[in-house]
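One structure is given here, and the rest of the page talks about it.
Bear in mind these aren't lab numbers, they're just calculated from the coordinates by the rules spelled out. Since the model is a prediction, treat every value here as computed from it, not as a measurement.
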Amino acid sequence: MTSRKKRQSDAQAEQWVVIAADSVVEAPKKAETEPVFIRLRNPKTDEASLYLLSSNALQLYEVKAFKEEYHSWFIGQTVQHDGRLLFITPMDPLFLVLPYFLKAGKEGKFQPVDQVVVDEDFPCCSRLLKCPQTLQALRHITEEKEIGGQKFNRYSKEKTLELLKKKVDRTVKALKSSNTCVGGAVKSSTFIRTKHNSEEKEEDYIRYAHGLISEYIAEDLSLDLHKYLKLPEISSPTEAEPPSKKRKLSDKPVEAGEDYTKFNSGDLKKPAKKMTAAQKALAKVDKTGMKSLSAFFSPKVKTEKK
């Protein structure tokens with residue numbers, strides 16, 4: 001009985017609120033594998049992050065969290081202290097295999113793909129090679145050679161930068177079509193604009209798009225891409241960052257090894273209450289010789305007669 005209650009409490013503690021398309025979790029009738037969460041190496045931080053691989057490994061999704069301080073969820077008859085909102089969005093698996101080819105590229109030789117995408121800390125990385133999108137896109141970051149019916153690949157920096165430039169160009173096009181604030185207009189992105197800001201230059205869009213793409217690549221490669229795009233240096237690095245880095249509410253990747261107990265209410269500090277104008281005025285009054293209101297209603301202490 002005790003173990004059963006423990007399992008129920010553990011199941012309740014492992015609940016999250018997730019936003020995802022129906023196609024993400026719905027598996028086809030003849031699917032060989034179901035959608036599964038996997039731990040993979042984050043291409044930007046080099047740390048463990050959580051991802052979702054769809055049924056039959058047809059699509060890779062990244063799992064991100066939208067977090068706000070002092071937030072919880074009511075799920076059924078329980079309170080979930082981890083008040084983050086998780087959302088699942090499609091991701092190009094090429095970003096996750098790219099670091100392995102970068103590392104293998106230092107040797108300068110052609111190698112089979114299954115010998116390149118290997119990681120003792122993250123053995124699930126081999127599942128990325130089952131994704132059709134990965135194998136089809138390898139030609140955009142590597143040089144290919146076929147010997148005896150077997151394919152070999154070698155990292156190509158030139159091809160990789162050209163691919164990343166195309167991604168930047170597509171991002172710029174999407175930013176313009178969605179009328180997203182970039183450049184100086186980012187500082188007032190909370191206001192609704194009725195007209196497109198004529199002061200926004202093409203460079204602002206490219207710099208902004210570069211910042212978004214850089215969230216999925218290593219810092220050294222981001223610097224190489226910056227030079228490849230011929231972007232001028234800026235005085236303040238924070239000016240080139242997309243607004244997601246300036247918001248109080250973040251949409252950071254979900255760390256796979258995260259300790260969810262740190263969101264318990266006992267670890268949260270209560271914010272100081274703001275005083276009203278009347279309370280501030282009362283605080284300045286000289287209270288010397290004054291009694292509190294409760295003193296008039298408290299019972300009098302009888303003095304013993306001598």
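Close amide H pairs (under 5 Å, H built 1.01 Å from N) link F66 with L85, L86, F87, residues at least 5 positions away or on another chain.
The phi torsions of segment 39-54, fed into the Karplus equation with coefficients 6.51, -1.76 and 1.60 and a -60° offset, translate into couplings of 8, 9, 6, 5, x, 8, 8, 6, 9, 6, 9, 9, 9, 10, 9, 5 Hz, rounded to whole numbers, with Gly and Pro shown as x.
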